[in-house]
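*Asks:* The structure under discussion is supplied below as C-alpha cells; questions concerning it will follow.
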Amino acid sequence: MTTQSEPRPRRALVAVLLTLLHPLAGLMYVGYGPLGLGLTLGVLGASFASLYLAARLDSHLMLALVANTVVSVLWYAGSAAFAASQARKLAMNFTKRWYNRYGAYAIVLVLAGALWITNPLRSHVVQTLRTPANSMLPAIRPGDVVVVGKLAADRAPKRGDIIAFWNPLDGDDLMFKRVIALPGETLEMHNAALHIDGKALAQAPLGEREYSVNDDGVWVQVKLQTYSEQDALDTPNGASHVIVREQRPSPMGNDFGRVTIPPGTYFVLGDNRDHSTDSRNFGPVAEENIVGRMRDVLWSFAVPKQVPTP
C-alpha cells in the first residue's frame, strides 16, 4: 500500500543509522517494511528455538550461542548494506508507504528496546556472566566470561556441576562454586579429604603448578598444589575436576564434622579450596537461590593459565 504524496528523498546514511538501531526500522525507511518484519520474526524465532532446544537437551549450547551471534551480525550488516544501496538507488524517486511515519519508527524502536531490556532468553534460558574472584581456579579465572544455562526445566544440579547462585548471606553477590554434596547426603572433611555418606571422594595429586591470580587488581604468579577430585562416588575412572591447595596450612581449615544436607539445598565448595568463601562459611545453598549451571567459558580476558589435565 502506498500513499499518493509527493516523492521524498532517501539518504543512505539515515538508512544505515536506522538499521543499526534495528534492521526493521532501516528496511521500513527504504520501503521494505514487510521484508524487514519477516526477517525480524524469522531471526528472533530461530534464535529462541535453537537456544531453548540446546539448553533443554543439555547439548551444544555454546555452538548455538556462537551461531546466533554470527547470524545477528550478518542480519544487521546485510540489512544495513541493503538499505543503503536501496536509498542510493531510490534517491528522489521514493514514494512514502503508509508506515513511513515518525510514529511507526518510534514504535519499532521502543518495542526493540523493551525486548532487549526484558530479554526472555537472558532471563530464562541462557546468560553470559563475568566472574570476579579467584575462588574457582583453575576452572574459572577472574575476568572469565562464562555461559550459564538458566532453563527452568533444566535438570537439578549434580555433583561436579559449577552453579551460579546468589550469596545466601546478603542475596546481592552472584557467586560460582562447585556442587559437592546433594540433598540428604552426609558430608565431612578430614585432612582436606571429603567423605560423603562415609565414602571418600577420591583425590589424586597432580603436582605443583604456577597460576596467575588477581590480588586486589594486581596479577601475581603463585605456585599451588593441584589434585584431581572425582565427581562421583565409587567411579574412580569417571569424570573429575581439578582443585588447588597451598602447601601451608589452609586458612579455611582442612577439617569439619559430619553434616547432613537438608532437602532442597546443595553443599558447594570453591576449587581454590584455601581461598574460597563457600558452604563452609554460609552453609548449603537453597535451590531457590540458584541462578543456573555454568556450561562453558565463553571468553577469557585474563592472562594465560596452565590447567593440568586429570
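FYI, it's all coordinate maths here, none of it is from the lab. Every value quoted in this text rests on a predicted model; they were computed, and no experiment measured them. All Cβ positions, even for glycine, are placed from backbone atoms using ideal geometry, and neighbour counts span all protein chains on display.
*Asks:* For Arg159, Arg10, which order do you get if you count the other beta carbons within 10 Å of each Cβ and list the fewest first?
*Replies:* So the residues, fewest neighbours to most, are Arg159, Arg10.
*Asks:* Using 0.36 nm times the number of residues separating Leu109 and Leu41, minus their current alpha carbon distance, what extension gain do you get?
*Replies:* Length gained between Leu109 and Leu41: 23.0 nm.
*Asks:* Give the calculated FRET efficiency between Asn93 and Asp296 to the nearest 0.05, with a Förster radius of 51 Å applied to their Cβ-Cβ distance.
*Replies:* Using R0 = 51 Å, I get an efficiency of 0.50.
*Asks:* Can you list residues from other chains, or at least 5 along the same chain, whose modelled amide H is less than 5 Å from the amide H of Leu298?
*Replies:* For Leu298, the qualifying residues are Val145, Val146, Val147.
*Asks:* Where in the stretch 256-288 is the amide nitrogen less than 15 Å from a point lying 7 Å along the Cα-to-Cβ axis of Gln203?
*Replies:* Zone members listed by number: 256-257, 269-276, 280.
*Asks:* Between beta-carbons, use under 12 Å as the cut-off and find the net charge around Val14, counting Lys and Arg +1, Asp and Glu -1.
*Replies:* Local charge sum for Val14: +4.
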